[in-house]
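These notes concern the structure reproduced below.
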Amino acid sequence: MNGCFITFLLIIEKRGTTQDIETVVLGDHTVKLLDIFYVPAKKHRVCIYTKEGELVERSRFRDLLQILNDIDGLQPHRSYRVQTHAILHLEGDADRLKIVLTNGDKIAVARKRRSEIEDWAKEKTLLIRALD
């Protein structure tokens, strides 16, 4: 995806208790957690892919992970965070595994994290499809 809106403000806070966080403040944007699909890190920026579009924030990925730590999510790759509510199913074969999101995007799973992601999917009885 491209066309990310760029701001240069840091991620500053989260709102709600750890049990019922509904929104996060990212720079000067307030984003509903259920609107977030995934967040990849690129250099010194994080891009937040949401139902409303994309936001880019100049921030460290680990700072964002601290904010999202209390919310269900997976880290299929060193530089990606995927919100579990946005996962439709997994697809793969013996060599590769991808997370398919409700918006149609596909996120590759690192080899080192494959068993963790597959275990999560089995626990949630999520469909794992073979690649065609």
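The values are calculated or read from the model by the stated rules, or taken from the named source; none is laboratory data. Keep in mind that this is a model prediction, so the values were computed, not measured. Ideal geometry is used to build each Cβ from the backbone, glycine not excepted, and the neighbour counts take in all protein chains shown.
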Check: Given 56, 24, 39, which one is in contact with a Phe, Trp or Tyr (Cβ under 9 Å, 6 or more places away or on another chain) and surrounded by 21 or more Cβ atoms within 10 Å (Cβ to Cβ)?
Finding: 39
Check: Where residues in region 67-89 are within 20 Å of residue 124 (Cα to Cα) and in a loop (DSSP other than H, G, I, E, B), which of them is modelled with the highest pLDDT?
Finding: 72
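Kindly check whether there is at least one residue in region 49-66 that is of a type in the set (Asp, Glu), outside any strand (DSSP E or B) and modelled with pLDDT under 85.
The first filter runs over region 49-66 and keeps only residues of a type in the set (Asp, Glu), leaving 52, 54, 57, 63.
Imposing the further condition that a residue be outside any strand (DSSP E or B) reduces the set to 52, 63.
Imposing the further condition that a residue be modelled with pLDDT under 85 reduces the set to 63.
Within region 49-66 (the criterion being of a type in the set (Asp, Glu), outside any strand (DSSP E or B) and modelled with pLDDT under 85), the answer is yes, since at least one residue qualifies.
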Check: So which pairs qualify, if the first residue must be in region 86-99 and in the same structural domain as residue 121 (by TED's automatic domain parsing), the second must be acidic (Asp, Glu), the Cβ gap must be under 7 Å, and the two must be at least 6 apart or on different chains?
Finding: 98/91
Next item on the list: Keeping to region 90-132, report how many residues are modelled with pLDDT under 90 and not in a helix (DSSP H, G or I).
Entry: 13
